[in-house]
């Protein structure tokens, strides 16, 4: 608590400096996930990085992308974490926002899914994806782990109907597997690492493997993009700097995450971060990944028809910031 208080004092000092030197910081609210995907947002708020760039950012921490979409549509947030596994569905249903800066995922290729994993317990007889036939599998239905599991099942020659899928919220994944009400779970971080740490007889069935492009951008409402492009640009700069700070200070970032993700300790957070890549770029590979995810969502009958990437992605802000602030990207791998 003492460290948290010190962090808040630092944030207040940055805010005062911004107000004294220029205008009042712009107030924005972002709907983010209670998971490791959004560590740069936690870091950016606690370290005063967004305030340094004139953005007073409030975080609304929720469990799933679907909840985030509802918060944005209800006017409770202007910014939302937009995972390719569910964001196109929200756009089809009327979501009016576009991703302006990358958050999570290795942007040097089309496939990046190391944060997603499938777990079982010893004694279930499950050692590979094919063994899930006829079994109960818990996952947040409609989320990235659901999409990932569906792709794995198809590659194993199994239809989704061959598996009994139960809708289990992320926070209940550990207890559900441990209690035996499901035979396996599919989930993202830090909950995969929590399963590994908290379930004594946990067995990893699959992690990552390059099956889907698990990318998350931070999307801003279209009216904010149109009316306040300068504010959007400052937000993009702030997130790019927060992402770099997270990459360069992983242990501190893990500790910060424990104050935002319920039930998370620093050891599990550090383990989870080993599976994460925080890259603010939106590359040709991640644009192509949008199209591929849309194809998968149509195939899985979650999306009625294909959506062009332009309906969910706006490139001009990140392209400008990469030119104006190249130092924030200097430690990232080159994009082939």
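A single entry from 168, 195 fulfils the requirement of being touching a strand residue (DSSP E or B) at 6+ places or on another chain (Cβ under 7 Å) and farther than 16 Å from residue 136 by Cα: 195. Residues that are free of Cβ contacts under 8 Å to residues at least 40 places away in the same chain and over 23 Å from the mean Cα position of the chain (by Cα) within the stretch 155-177 comprise 156, 157, 158, 159, 161, 162, 163, 164, listed in sequence order.
All of (1) in a strand (DSSP E or B); (2) farther than 15 Å from residue 219 by Cβ; (3) under 18 Å from the mean Cα position of the chain (by Cα) hold for residue 99 with one exception: (2).
Okay, residues lined up against (1) in a helix (DSSP H, G or I); (2) at pLDDT 95 or above:
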{"residue": "260", "(1), (2)": "no, yes"}
{"residue": "264", "(1), (2)": "no, no"}
{"residue": "269", "(1), (2)": "yes, yes"}
{"residue": "278", "(1), (2)": "no, yes"}
{"residue": "293", "(1), (2)": "yes, no"}
{"residue": "297", "(1), (2)": "yes, no"}
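Per the conditions (1) surrounded by 19 or more Cβ atoms within 10 Å (Cβ to Cβ); (2) outside the structural domain of residue 63 (by TED's automatic domain parsing); (3) modelled with pLDDT of 95 or more, the sole criterion not satisfied by residue 217 is (2). Here are 94, 75: which of them is assigned to a loop (DSSP other than H, G, I, E, B), under 30 Å from residue 24 (Cβ atoms) and in the same structural domain as residue 269 (by TED's automatic domain parsing)? After applying the criteria, what remains is 75. Within the stretch 30-45, does at least one residue satisfy the condition of being surrounded by 24 or more Cβ atoms within 10 Å (Cβ to Cβ) and under 19 Å from residue 229 (Cα atoms)? Checked against the condition, which is being surrounded by 24 or more Cβ atoms within 10 Å (Cβ to Cβ) and under 19 Å from residue 229 (Cα atoms), the stretch 30-45 yields at least one hit. The set of residues in the stretch 148-184 being part of a loop (DSSP other than H, G, I, E, B), out of contact with any helix residue (DSSP H, G or I) (no Cβ under 8 Å at 6 or more places or on another chain) and farther than 29 Å from residue 264 by Cα is empty. Is at least one residue of the stretch 281-290 closer than 29 Å to residue 254 by Cα, assigned to a loop (DSSP other than H, G, I, E, B) and within 16 Å of the chain's Cα centre (by Cα)? Within the stretch 281-290 (the criterion being closer than 29 Å to residue 254 by Cα, assigned to a loop (DSSP other than H, G, I, E, B) and within 16 Å of the chain's Cα centre (by Cα)), the answer is yes, since at least one residue qualifies. Here is the figure for the stretch 47-78: residues that are out of contact with any strand residue (DSSP E or B) (no Cβ under 7 Å at 6 or more places or on another chain), farther than 25 Å from residue 169 by Cβ and surrounded by fewer than 24 Cβ atoms within 10 Å (Cβ to Cβ) total 3. Among the residues of this structure, residue 190 does not count as one that is crowded, with 21+ Cβ neighbours inside 10 Å, modelled with pLDDT under 95 and over 30 Å from residue 335 (Cα atoms). Determine whether residue 145 is part of a strand (DSSP E or B) and surrounded by 21 or more Cβ atoms within 10 Å (Cβ to Cβ). In short, no. Inside the stretch 133-145, residues that are under 15 Å from residue 182 (Cα atoms) and touching a residue at least 60 places away in the same chain (Cβ under 8 Å) make up a count of 1. Among the conditions (1) part of a loop (DSSP other than H, G, I, E, B); (2) without any contact (Cβ under 8 Å) to a residue 24 or more places away in the chain, the only one that residue 70 does not satisfy is (1). Residue 319 falls short of the stated requirement of being assigned by TED's automatic domain parsing to the domain that holds residue 101, part of a helix (DSSP H, G or I) and surrounded by 14 or more Cβ atoms within 10 Å (Cβ to Cβ). Note on the stretch 103-136: among residues that are assigned to a strand (DSSP E or B) and in contact with a helix residue (DSSP H, G or I) (Cβ under 7 Å, 6 or more places away or on another chain), the one that is surrounded by the most Cβ atoms within 10 Å (Cβ to Cβ) is 104.
The values are calculated or read from the model by the stated rules, or taken from the named source; none is laboratory data. Computed from a predicted structure; not experimentally measured. Ideal geometry is used to build each Cβ from the backbone, glycine not excepted, and the neighbour counts take in all protein chains shown.
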